[in-house]
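Everything below concerns the one structure shown next.
The values are calculated or read from the model by the stated rules, or taken from the named source; none is laboratory data. Remember, predicted model here, so these are calculated numbers, not experimental data. Every residue, glycine as well, gets a Cβ built from its backbone with ideal geometry; the counts of neighbours run over all protein chains shown. What goes into the accessible areas is simple: the full protein's heavy atoms, side chains included, and nothing from ligands, DNA or RNA. Shrake-Rupley method; radii C 1.70, N 1.55, O 1.52, S 1.80 Å.
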Amino acid sequence: MADIKVPSPDELSQIKHSPPLLKGWMSTPTVIKPGTYCYGAQPKNLEAVGFPNARPWNPLDADWKLPDNWKTIIIEGIRERISRFRSFHIFMDICVRCGACADKCHFFIGSGDPKNMPVLRAELLRSVYRREFTTAGKIFRKMVGARDLTEEVVKEWWSYFFQCTECRRCSVFCPYGIDTAEVTIIARELLNLLGLNIDWIAGPVANCFRKGNHLGIEPHAFKDMMDFFLDEIEGITGIRPEPTFNRKGAEILFITPSGDVFADPGTFTCMGYLMLFHQLGLDYTWSTYASEGGNFGFFTSHEMMKRLNSKMYAEAKRLGVKWILGGECGHMWRVVNQYMETMNGPVDFLEEPVSPITGTRFENASVTKMVHLVEFTADLIRNGKLKLDPSRNDHLTVTFHDSCNTARGMGFFEEPRYVLQSVCNNFFEMPEGTIREQTFCCGSGSGLNAGENMELRMRGGFPRANAVKYVQEKHGVNMLANICAIDRAALSTLMEYWAPEVGVTGLHELVANALIIDGEIERTTNLRGEPLGGETEEETEE
Amino acid sequence: MNFISGIILSFITVLVLVFIPFFGMQVANLQFVFGVIIPYAAIVLFLVGVVGRLLLWSFSAVPFRIPTTAGQQKSLPWIKPNKIENPSSAAGVFGRMLLEILLFRSLFRNSTMEFREGPRVTYEWEKWLWLSAILFHYSFAVVLIRHLRFFTQPVPAFVTMLESLDAFMQTGIGPLPGLMLPGMYLSGIILLAAAGYLFLRRVYIPTVRYISLPTDYFPLFLILAIATTGILMRYLLKVDVVGVKELALGLATFHPVVPQGIGVLFYMHLFSVCCLFAYFPFSKLVHLGGVFLSPTRIMANNNRFVRHVNPWNYPVKVHTYDEYEEEFREKMVEAGIPVEKE
């Protein structure tokens, strides 16, 4: 994998944010540099889902082996999307280049590359739109910011639309709500028409389509991994939860990103889910067919998103559950909140979700019939249904990272903070302008959490890491909590690089550590096998 | 194309445009063309263009509800939602749009990033873009409304009221004494200053300089030219105001007349305005209409409890459970996972 050397933090923080004075961006060629790009999609992964123009190709080669009619494909592709997406259509027309978005992008802040300014990222596509779809662009060309569609342009698109994590931070600041995520989503759709995906997205998509999850975990292996968690939980608490799989007639279907099952520290979050559900005696089931909450189809095309997402409702229907509970994930919740029911609804076979423990009706999910686990837990705590000992987390000083998608594609701010502050005693916010709706991306979202683009990821994650470092120095923060599977994986690497000694945790890992389970043995360690809270002495300052 | 050639190109274009009527008057005596035909043509282009643009946009579908949420969602009853920044109903959207359109809410949020040694990044509130944008748009609106004086007889009360407010430097307002400047309108000066600042920031802020196109400088220069010719006419090189009103009223009542001897400066002013109107629908200036249709702002974040329909939603190829079980049945049975067909 990554034998590409990542520059040291010192080297990487030599960043200039002043673009060249005289040389314009249109005459600046794109350089695709190792460490800042992801490998191209392998043909087998595109063929697995029936995508066109699958072929072996290398982004570093001069010849990308584009199909003969590539230009027509792109132009017709744009035409079709203009009529399908008013967002795209308007965003192509109304930008005034005021520059408010320019320094809002984490990739620009971390790289200084002017083509990473959101406005310019969109101009890469807009310039072609003007040339092909506006009269002024056809006549006046460069004078009105129009340029020809060439192979170089396609390469530039591929490079920069896979340097955007669709985090929407720029769209918060745009006076017209222009959302670069929309532009990137469309641009990636166009690139996919030419077979130009990245393999880190195409692979998980192919896996998810056939095997039910991004990581390609087959059903028996999925259960095996769970068994391993159960062993761990039993060792720590003396209690062995008994989760079920693909069980018909359960009240609730639980779906979470497969990353939680697969790698630390997400696994601890997953153990947290199991412990909480056990304590509640929840009548729920996992599914191996719908074993993925995330949706890399969303990073590919609207159609692929729908194809992968369809499994959630299909499985809920097959199993005859009443409603769906969803785990901690970022883009999963953007999809569930803003797309799912429109794509794959209506859902007349499910019921409006009601918490079997508190009786609370989740009216805000009356149509999708899917509840966020953090909403569910917040409601439990509010109604006093959980016995919690937050002092077990006393060795931690925690800050909270708002995931882009739950922040700006949902508005999920108070629920996780309420839960967090109920299960741990030391909590500090990062500075204003870096949290809530202005939160910074982990730098690895939207399918960019590969190994070969590590330099890019460390650059993109720099603003987030820098804010963490600030509270690390100021308040002694040593744990970064979040509610996103990609965050758990990506932020761990990011912290190691920019803010060593800060760990990363999912929210329900902290919940489970604080949770007092009926009949449990006295716990001596947390889920990571570390000695419990009060036992270390150094953390007594306030 | 770099910023210097962009500026020069736009500047020369505006200069040529402004002086076209000068030659038209001096050389060919084309008062009727510049006083009647071109203004009508410009207005027609403006109206047809803007309406056409809005129609084109409205023909594009809105498949998904994708508001950018900038506040707490509506969820559990004891969590206070932010009804404006994250609207869950039409009323909330209305409030959000009101703030957006009248106060430029999103722009008000603007910050500037400071990258220091350390490295340490900080973000500070940046108000100048917001302030200049607000002043620019409002002063432009006031100037436009003031000009209704020329197109109406009698002049409506709100126009005269606005004028006296605008001219408070002359007459004073409330406790403030007037400076007794001759009919000094604040709006024109502010418009000039704000447009001037908007131009300057394009040149001195490196990132903005880099993204600016000739089509960003052009409308600014054109507006500066309009404001300058207007101010010149009003305060220095007087033109025949009675004649101007006669012409304007004629246009407004569709009985065009061309009074003689208004002065060429007026035609330069009028022609620049015509250029702006005609240019408007085919340029970035259509943001005026676009902002009202922007899906990330005008939609409520209520997709989990109010159904949204995608007009072009089509069936897609999925991998069914049966296909899945077919492939993994043995492994599932062995692992004790229930299957449909043993």
Fill in: Conditions (1) open to solvent by less than 10 Å² (accessible area, probe 1.4 Å); (2) at pLDDT below 95; (3) charged (D, E, K, R): number failed by A:R141
(1)
Worksheet item: Restricted to the stretch B:117-137, and to residues that are more than 9 Å from every other protein chain (Cβ to nearest Cβ) and touching a residue at least 40 places away in the same chain (Cβ under 8 Å), which residue is most open to solvent (accessible area, probe 1.4 Å)?
Response: B:W128
Item to complete: May I ask you to list the residues in the stretch A:460-509 that are open to solvent by 20 Å² or more (accessible area, probe 1.4 Å), touching a residue at least 60 places away in the same chain (Cβ under 8 Å) and among the aromatic types (F, W, Y)?
Response: A:Y497, A:W498
Worksheet entry | Matching residues in the stretch B:2-33 - criterion: being polar (S, T, N, Q), assigned to a helix (DSSP H, G or I) and more than 21 Å from B:I211 (Cα to Cα) | B:Q26, B:Q31
Fill in: A:S18 over 27 Å from A:H302 (Cα atoms), facing chain B (nearest Cβ under 8 Å), open to solvent by 60 Å² or more (accessible area, probe 1.4 Å) and small (G, A, S)
yes
Worksheet item: Which of the residues that make up the stretch A:152-189 are touching a residue at least 12 places away in the same chain (Cβ under 8 Å) and not in a helix (DSSP H, G or I)?
Response: A:F162, A:Q163, A:C164, A:T165, A:E166, A:C167, A:R168, A:C174, A:P175, A:Y176, A:I178, A:D179
Discussion item. Being over 21 Å from A:A314 (Cβ atoms), of a type in the set (V, I, T) and either in contact with a helix residue (DSSP H, G or I) (Cβ under 7 Å, 6 or more places away or on another chain) or part of a helix (DSSP H, G or I) (or both): is that true of A:T269 here?
Written reply: yes
Worksheet, complete the sentence: Only one of B:V291, B:V286, B:V241 is assigned by TED's automatic domain parsing to the domain that holds B:I43, open to solvent by 30 Å² or more (accessible area, probe 1.4 Å) and β-branched (V, I, T), namely B:V241
Discussion item. Please go through the stretch A:414-429 and give me each residue that is in a helix (DSSP H, G or I) and either open to solvent by less than 40 Å² (accessible area, probe 1.4 Å) or more than 14 Å from chain B (Cβ to nearest Cβ) (or both), ordered by number.
Written reply: A:E415, A:P416, A:R417, A:V419, A:L420, A:S422, A:V423
Worksheet entry | Selection from the stretch A:334-363 of residues that are part of a helix (DSSP H, G or I) and over 21 Å from A:L282 (Cα atoms) | A:R334, A:V335, A:V336, A:N337, A:Q338, A:Y339, A:M340, A:E341, A:T342, A:M343, A:N344
Worksheet item: Just checking, which of B:F23, B:F3, B:F32 is open to solvent by less than 70 Å² (accessible area, probe 1.4 Å) and modelled with pLDDT under 95?
Response: B:F3
Discussion item. Cβ-Cβ distance below 9 Å, separation of 6 or more or different chains: which pairs start in the stretch B:182-207 with a residue that is part of a loop (DSSP other than H, G, I, E, B) and end on one that is modelled with pLDDT under 95 and of a type in the set (A, V, I, L, M, F, W, C)?
Written reply: B:G183/B:A167; B:M184/B:A167; B:M184/B:M169; B:Y185/B:A167; B:Y185/B:M169; B:Y185/B:I231
Worksheet item: Has the stretch A:113-127 got any residue that is more than 11 Å from chain B (Cβ to nearest Cβ) and among the hydroxyl-bearing types (S, T, Y)?
Response: no
Response to the item:
Residue hits (the stretch A:139-150; away from chain B (no Cβ under 12 Å) and more than 14 Å from A:L124 (Cβ to Cβ)) are none
Worksheet entry | Condition check for A:P29: touching a residue at least 40 places away in the same chain (Cβ under 8 Å), under 28 Å from A:S444 (Cβ atoms) and open to solvent by 80 Å² or more (accessible area, probe 1.4 Å) | yes
Worksheet item: Do we find that B:L107 is assigned by TED's automatic domain parsing to the domain that holds B:T296, part of a helix (DSSP H, G or I) and open to solvent by 60 Å² or more (accessible area, probe 1.4 Å) in this structure?
Response: no
Discussion item. Out of everything in the stretch B:254-283 that is of a type in the set (F, W, Y) and away from chain A (no Cβ under 14 Å), what residue ends up being surrounded by the fewest Cβ atoms within 10 Å (Cβ to Cβ)?
Written reply: B:F254
Item to complete: Have a look at B:G118, B:G71 and point out the one that is over 23 Å from A:G409 (Cβ atoms), in contact with a helix residue (DSSP H, G or I) (Cβ under 9 Å, 6 or more places away or on another chain) and either at pLDDT below 95 or in a loop (DSSP other than H, G, I, E, B) (or both).
Response: B:G118
Worksheet item: Which residue out of A:T135, A:T165, A:T180, A:T150 is surrounded by fewer than 24 Cβ atoms within 10 Å (Cβ to Cβ), touching a helix residue (DSSP H, G or I) at 6+ places or on another chain (Cβ under 8 Å) and of a type outside the set (A, V, I, L, M, F, W, C)?
Response: A:T135
Worksheet item: Can you tell me which of A:G293, A:G216, A:G249 is in a loop (DSSP other than H, G, I, E, B), closer than 30 Å to A:I186 by Cβ and open to solvent by 10 Å² or more (accessible area, probe 1.4 Å)?
Response: A:G216
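Residues checked against (1) open to solvent by 20 Å² or more (accessible area, probe 1.4 Å); (2) at the interface with another protein chain (Cβ under 9 Å from one of its Cβ atoms):
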| residue | (1), (2) |
| --- | --- |
| B:Y185 | yes, no |
| B:L198 | yes, yes |
| B:L220 | no, no |
| B:T229 | no, no |
| B:L236 | yes, no |
Discussion item. Take the residues in the stretch A:200-213 that are open to solvent by less than 30 Å² (accessible area, probe 1.4 Å) and assigned to a helix (DSSP H, G or I); name whichever of them is farthest from B:D322 (Cα to Cα).
Written reply: A:I201
Worksheet item: When only residues in the stretch A:233-244 that are out of contact with any helix residue (DSSP H, G or I) (no Cβ under 6 Å at 6 or more places or on another chain) and open to solvent by 50 Å² or more (accessible area, probe 1.4 Å) count, which is nearest to A:G281 (Cα to Cα)?
Response: A:E242
Practice prompt. Only one of these is in contact with a Pro (Cβ under 8 Å, 6 or more places away or on another chain) and within 7 Å of another protein chain (Cβ to nearest Cβ): B:A335, B:A300. Name it.
Written response: B:A335
Worksheet entry | Among the residues listed as B:E114, B:E85, B:E100, the single one being open to solvent by 60 Å² or more (accessible area, probe 1.4 Å) and more than 19 Å from A:A365 (Cβ to Cβ) | B:E114
Worksheet item: Given the conditions (1) open to solvent by less than 30 Å² (accessible area, probe 1.4 Å); (2) acidic (D, E); (3) more than 9 Å from chain A (Cβ to nearest Cβ), which single one is not true for B:D322?
Response: (1)
Worksheet, complete the sentence: Scanning the stretch A:305-333 residue by residue, those in a helix (DSSP H, G or I), in contact (Cβ under 8 Å) with a residue 60 or more places away in the chain and crowded, with 23+ Cβ neighbours inside 10 Å turn out to be A:R307, A:L308, A:K311, A:E315, A:A316, A:H331, A:M332, A:W333
